[in-house]
Amino acid sequence: MRKLLSVLLVTVLFASAIQLDAQLAKNSWSFGFGFSYPRMMNPNISKTADNFGGFLSIQRNFSEHMSLRLKARYLSITGEASTTEIATSVISGDFDMMYYFVPCEPISPYLVVGLGGTYSMYDVTIPANLDDQLDYQLNLGFGADWTLDEQWKLTSELVYHTSNEKEFDGSAGVSTGSLLGTLDDAYITFDLGFQYFFSKGAPSKYCQIYDGLSADVNDPVDYERIENIVQKYIPREVVKEVVVEKPVERPYDSDRRWVLVGVNFDFNSARLKSEAYPVLFHAVQVLLQNPDMKIEIQGYTDNIGTEKGNQRLSLKRAISVKNYLTARGVDAGRMTTKGYGESRPIADNKTAQGRAMNRRIEFKVLN
């Protein structure tokens, strides 16, 4: 038993060291299996380390936070009361609801509340004539899912179970206080196992927003690929790091534009990134060399978030660029700003690189 617990402990420590993003869906189905370690809570029964068990489960995630689960267990529980050994085998089935507090974290804690039924089979009891019995129980506990990859999670769970009988533990003696405040028998189970997601719905937009906060660390943007996207869709001539279009045909208009390749933004931010400054510096040079040129600075976002929120954010990005150009000597009267939000994407919003490209700045030449 000690070897088994050591292996399980190493598994937990290994999983805690894994820093993978949770790939969550709006809804999903999963299958679980693993080991259970039960202990009776009756203070008049001595505990032993020989208890063991296992479980199988099927779980339905209805949202990022809420899930329902059916869980079947087999438990072998031993102990000693009044110098007599007690041995009980239990088959249980539980129907539980889980609430996940931070579903998009690699380690996601949750609360368990539910009820179930148990069938207890006694090998040795006090009194000796106690028959096998069918009972019901209430469950309350907590657990945590540890993300291993997109399909697999390690699960750990501690649950307090209250039976509706005083003889559940095989003894007719004094019982422990239950969740309902009555003197019915109770026991705890510690489960450790795996969860496999065999069916997933659409990717969770909630978690895409959350994961976007660390996109630069876990999913770096390939600016060379972004420039290739621009080359495919936008005819232009390149002036160093500024892309100038003269004129250009677009699916939505035929105005003259500059697409500033490299002037992109972090998710949900209007702060200029360090790699944007060389691009904007060259844009300043072009504008100062053409003092009669007037431009509309257009800000864009990807499609994550609400349409109204994205429109506001895109305007803030355009204003950030205008402030930089003004600070470098470009007359503010030559520039106007406008936010177009998530409209007019030039790349696929289904990929991190595409979303980064769509979080962009364009200049529209007004004269």
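The values are calculated or read from the model by the stated rules, or taken from the named source; none is laboratory data. This structure is a prediction, so every number in the text was calculated from the model and none was measured. When we count neighbours, we look across all protein chains shown, and the Cβ atoms used for this are built from the backbone with ideal geometry, even at glycine.
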Being of a type in the set (Gly, Ala, Ser) and buried (at least 16 other Cβ atoms within 10 Å of the Cβ) narrows Gly329, Gly341, Gly333, Gly309 down to just Gly341
With criteria (1) at pLDDT 95 or above; (2) in contact with a Cys (Cβ under 6 Å, 6 or more places away or on another chain), Asp94 comes up short on (2)
Ser28 fails exactly one of (1) modelled with pLDDT under 95; (2) surrounded by fewer than 17 Cβ atoms within 10 Å (Cβ to Cβ), namely (2)
Residue hits (the range 58-112; in a loop (DSSP other than H, G, I, E, B) and basic (Lys, Arg)) are none
Log entry, pairs with first residue in the range 279-290 being in the same structural domain as Arg334 (by TED's automatic domain parsing) and free of Cβ contacts under 8 Å to residues at least 40 places away in the same chain, second being surrounded by 15 or more Cβ atoms within 10 Å (Cβ to Cβ) and of a type in the set (Gly, Ala, Ser), beta carbons closer than 7 Å, six or more apart or on different chains, reads Val279/Gly262
Residue set Asp255, Asp266; condition modelled with pLDDT under 80 and under 19 Å from Asn323 (Cα atoms); output residue Asp266
For the range 327-367 the number of residues that are within 18 Å of Leu272 (Cα to Cα) and part of a helix (DSSP H, G or I) is 6
Contact list, first residue from the range 314-340 and closer than 25 Å to Arg355 by Cβ, second anywhere and of a type in the set (D, E, K, R) and assigned to a strand (DSSP E or B), beta-carbon distance below 6 Å, six or more apart or interchain, is Lys338/Glu296
In the range 280-317, anything over 16 Å from Phe267 (Cβ atoms), among the charged types (D, E, K, R) and either outside any helix (DSSP H, G or I) or in contact with a Pro (Cβ under 6 Å, 6 or more places away or on another chain) (or both) is listed as Asp292, Lys294, Glu296
Going through (1) under 21 Å from Thr162 (Cβ atoms); (2) touching an Asp or Glu at 6+ places or on another chain (Cβ under 9 Å); (3) at pLDDT below 90 one by one, Val112 fails only at (3)
Given (1) over 18 Å from Leu158 (Cβ atoms); (2) crowded, with 21+ Cβ neighbours inside 10 Å; (3) at pLDDT 95 or above, Glu64 misses just (3)
Among Ser16, Ser46, the single one that is surrounded by fewer than 17 Cβ atoms within 10 Å (Cβ to Cβ), at pLDDT below 90 and out of contact with any Phe, Trp or Tyr (no Cβ under 7 Å at 6 or more places or on another chain) is Ser46
